[in-house]
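Below is one structure, written out as structure tokens; the observations come after it.
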Amino acid sequence: PSLGGPTYFTHNAMYNVVYSAFKLHNGSIGDVILHNTVVKNGDALGVYAGASIRRALFRNNLFIGGPGGTWAGYNTGSGRVAAVADLDISSSSLDFDAYGSTTGLFSGALGSARFSSLAALRSATSEKHALQVSLSTFAASVAYPALPMSAYAPVDLRPKAGTAIENVALRIPNVNDGYTGNAAEIGAYEVGAALP
């Protein structure tokens, strides 16, 4: 777990995460989560800490989930776009993130804020520039990881040109300087960039 920050999570591409993409447990403080792309089973942004998560900063991330289940004793959630009930929203800041769920629903919780639509997320939280996305955001065909305890071939999570996440990321000096176009893309990759 990340216990004392700042702890940086930046430009990660994660597919088929079984439980939680970020282990912000045990009273995590000072996490800085920038430009990550996560496609996982269950809740798209799911952190089930059981203890307060304070002073977190999220910017320019892309999270997609879908129907969940219980795998190796861990419940992945029901497919909410965010499930971070332990987030201290008074000391944390989230914005310019993109969320989606293959369930077709857009619901979740960030700290004490509950929402059931993109408009409600924007009005109830600091996510004033949040976007709603789907698997069609990617240039390659990306299948939903319905069986997360299975091995999948590597998946290309680079975005498709012309989607809502293109050229809209918040500029963060020394983090996303190398963009093309008017601004960086939300998520781990730029449109048309080579895979690392």
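Details
- Cα gyration tensor shape for the range 46-121, rounded if a/c is under 1.5, else prolate or oblate: oblate
- Stretchable slack from Ala140 to Ala193, in nm (0.36 nm times residue separation minus alpha-carbon distance): 17.8 nm
- Kirkwood Rh and Cα Rg combined as Rg over Rh, evaluated for the range 89-196: 0.99
- Options (i) 12.2; (ii) 16.2; (iii) 10.2 - which one matches mean projected area of the Cα convex hull in nm² as calculated here: (iii)
- For the range 92-104, 3J(HN,Hα) per residue [Karplus equation, 6.51 cos²θ - 1.76 cosθ + 1.60, θ = phi - 60°, Hz, x = Gly/Pro]: 10, 9, 10, 6, 6, 9, 10, 10, x, 8, 6, 6, x
- Residues of type lysines that Lys23 reaches as a straight line, Cα spacing below 17 Å, ignoring anything fewer than 8 places off in the same chain: Lys40
- Summarised in one figure, the compactness ratio Rg/Rh of the range 1-69, Cα atoms and Kirkwood Rh, is 0.96.
- Nearest-20 debye value, the range 37-183 charge dipole, Cβ charges on Lys, Arg, Asp, Glu: 120
Just so you know, all these numbers are worked out from the coordinates, no wet-lab data involved. The model shown is predicted, which means the values in this text are computed figures rather than measured ones. Ideal geometry is used to build each Cβ from the backbone, glycine not excepted, and the neighbour counts take in all protein chains shown.
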